[in-house]
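The next block holds one structure in the form of structure tokens; read it before the comments.
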Amino acid sequence: DKFKHGLEKTRTNFSEKMNALVARYRKVDEDFFEELEELFIGADVGVTTVMTLVDSLREEAKLRNLKETKDLLPMISEKLAALLEKEGDDLSLHFEEEGLTVFLVVGVNGVGKTTSIGKLAHRLTQEGKSVVLAAGDTFRAGAIEQLEVWGERVGVPVIKQQSGSDPAAVMYDAIQAARARKADVLICDTAGRLQNKVNLMNELAKVKRVIEREVPGAPHEVLLVLDATTGQNALSQAKMFGETTDVSGLILTKLDGTAKGGIVMAIRQELDLPVKFIGLGEQKDDLQPFCAEQFVYGLFK
Ligand code: GDP
């Protein structure tokens, strides 16, 4: 299944080391726990999360009087799954019951924003929704063309203006065009240049204001795209966007390209934002709704 295949690198890294550790240590002792901590940290799980995780394993091993490391294994996956789910997490996308739904997609250049928009458009189309894309990154060279390539690939129209034009004007146009076509969902691309954070954040705020003004209840989602291969960088980007935009959920890309899929745990623990989708490849159907259970299953085979 998709999770198993996409998480292959992380699984190899993780399971093999875990099995080796269990074989080496047979008996539960403090050295075992310390090496287990290192293993998790090496998979980008994040120090704070690892401490919590391993502390609770220590406690339960004591409580249940577990002496064999192999008996700890099922507990580890249970605890990992628990770390990935927080009460009240809302993993679904929100749609307007009648009328236009607008999703705003934000993130730094190169994280996989355009690709994720294309994949999301494909997914929604498959569900029977009609989708329009707005080429709101008017700054990065090639961004508009790249979105058009995706539009063609998945069969959805792209509303654009010339490179360099005002993104807020593009959004206004796109909303009118989506309404004229009676589209269900408008997905808006945005700029992701980081050279000037203040300008970028102002631009996003302006784009958002236009959407809010033109479509009551919109944006229905503000999805922040993060690249799983960048580890702690992804976390700091999330904090930066989170300070200025009301992000409603995350898309974590390129999990297929990293052996450090533990970053999902770190992100879930350190940020108060649900991961709604994960990217597991470059093709149009490589975007999966996030599911903690399947994710952990994918980590252990
Ligand atoms: P943007 O600058 O944020 O719009 O990033 P792009 O969408 O152009 O993606 C940058 C690169 O990452 C491209 O080569 C994509 O094919 C690749 N990419 C995006 N998502 C994934 C993913 O989930 N897995 C893999 N392996 N590559 C991805």
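Values for this structure:
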read-out: Matching residues, the stretch 41-70, being β-branched (V, I, T), closer than 15 Å to E30 by Cα and in contact with a Leu (Cβ under 7 Å, 6 or more places away or on another chain); value: V54
read-out: Odd one out for S116 among (1) open to solvent by less than 10 Å² (accessible area, probe 1.4 Å); (2) hydroxyl-bearing (S, T, Y); (3) assigned to a loop (DSSP other than H, G, I, E, B); value: (3)
read-out: Residue ranges of strands (runs of 3 or more DSSP E) in the stretch 249-296 with at least 1 members open to solvent by 10 Å² or more (accessible area, probe 1.4 Å) and away from the ligand (no atom under 13 Å from the Cβ); value: 287-289
read-out: Counted residues, the stretch 42-75 - those being in a helix (DSSP H, G or I), modelled with pLDDT under 90 and within 23 Å of L252 (Cα to Cα); value: 4
read-out: Hits in the stretch 111-126 - residues which are among the small types (G, A, S) and within 12 Å of the ligand (Cβ to nearest atom); value: G112, S116, G118
read-out: Residue check for G88: more than 15 Å from the ligand (Cβ to nearest atom), on the phi > 0 side of the Ramachandran plot and either buried (at least 22 other Cβ atoms within 10 Å of the Cβ) or not aromatic (F, W, Y) (or both); value: yes
read-out: Cross-chain or 6+ apart pairs with Cβ under 6 Å, the stretch 96-112 first and among the aromatic types (F, W, Y), then within 15 Å of the ligand (Cβ to nearest atom); value: F103/I187
read-out: The stretch 127-165, subset open to solvent by 40 Å² or more (accessible area, probe 1.4 Å) and among the small types (G, A, S), residue nearest to the ligand (Cβ to nearest atom); value: A141
read-out: Members of the stretch 34-50 that are surrounded by 18 or more Cβ atoms within 10 Å (Cβ to Cβ) and either in contact with a His (Cβ under 6 Å, 6 or more places away or on another chain) or within 21 Å of N65 (Cα to Cα) (or both); value: L36, E37
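The values are calculated or read from the model by the stated rules, or taken from the named source; none is laboratory data. Worth saying up front: this structure is predicted, and the values here are computed from it rather than measured. Backbone-built Cβ (ideal geometry, glycine too); neighbour counts: all protein chains shown. Accessible surface areas use protein heavy atoms only, side chains included; no ligands, DNA or RNA. Shrake-Rupley method; radii C 1.70, N 1.55, O 1.52, S 1.80 Å.
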